[in-house]
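So the structure is just underneath, and the comments pick up after that.
Only the coordinates and a few stated rules stand behind these numbers; no lab work does. Note that the coordinates shown come from a computational prediction; the quantities given were computed from them, not determined experimentally. No Cβ is skipped: glycine too gets one built from the backbone with ideal geometry, and neighbour counts run over all protein chains shown.
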Amino acid sequence: MEIAQFEVKLKEVLTNSHLVAVIEPMTLADFKVVKKSREQFDKFNWNQYRQKEVYKLRLKEEDVILGLMCLVDHTDEATDAIEIELLEVSSENIGKGKRLDCIGGCLIAFACRESFKRGHEGCVFLVPKSSLLDHYPAKYGFQYIPVKTDRRPNGFMILFESGARKLIKTYLDAA
């Protein structure tokens, strides 16, 4: 499914000002750039996802990739949701010393928007790393479901319609 650029706003931490950014599909050239910038995106091997639905977030006036997200559209009746298979924010924009804020929130809200567009009524889920089990519910309103499987040893986190609408309003409607 082809998606054009989608504008969002990021917050510059030092000045508390907003900068226009875009979320758009990754290109083959982008995957090469990410592979070379292992110090910025070091948590996952993004090249394994070249044939999947991967999006990047960057400032509108710059080509530097600030965040990445891989989506899986589950259309089977048992799942009927968008899965955020991978989500990564550039290392310089994580933690107390980060330069820009709202990167992860904008990407998750974009996944929520896609869920509504594709008929999943805002249902979005992800499989968290155990270190983020508290982060997703506290910051984004995900609910933890402790059902463990081979593919989801830590269970999974899920957002339903009201939580998805709240994230869209917070991160996308302000753009």
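Taking the Cα atoms only, what angle lies between the long axis of helix 103-117 and the longest principal axis of the chain, rounded to 10 degrees?
The answer is roughly 50 degrees.
Taking a 21 Å limit on the Cα-Cα distance, which of the listed pairs LYS36/LYS139; LYS9/LYS56; LYS11/LYS169; LYS43/LYS98; LYS56/LYS96; LYS11/LYS60 fall beyond it?
LYS36/LYS139; LYS56/LYS96, as the Cα separations exceed 21 Å there.
Rg to Rh for the chain: what is it, with Cα atoms only and Rh by Kirkwood?
0.94
Just the number: Rg to Rh for region 25-118, Cα atoms, Kirkwood Rh, two decimals.
Computed over Cα atoms, the ratio is 0.98.
I'd like the GluC sites (Glu not before Pro) in region 1-100 restricted to DSSP loop residues with at most 12 other Cβ atoms within 10 Å, sorted by number.
The qualifying sites are GLU2, GLU39, GLU61, GLU62, GLU77.
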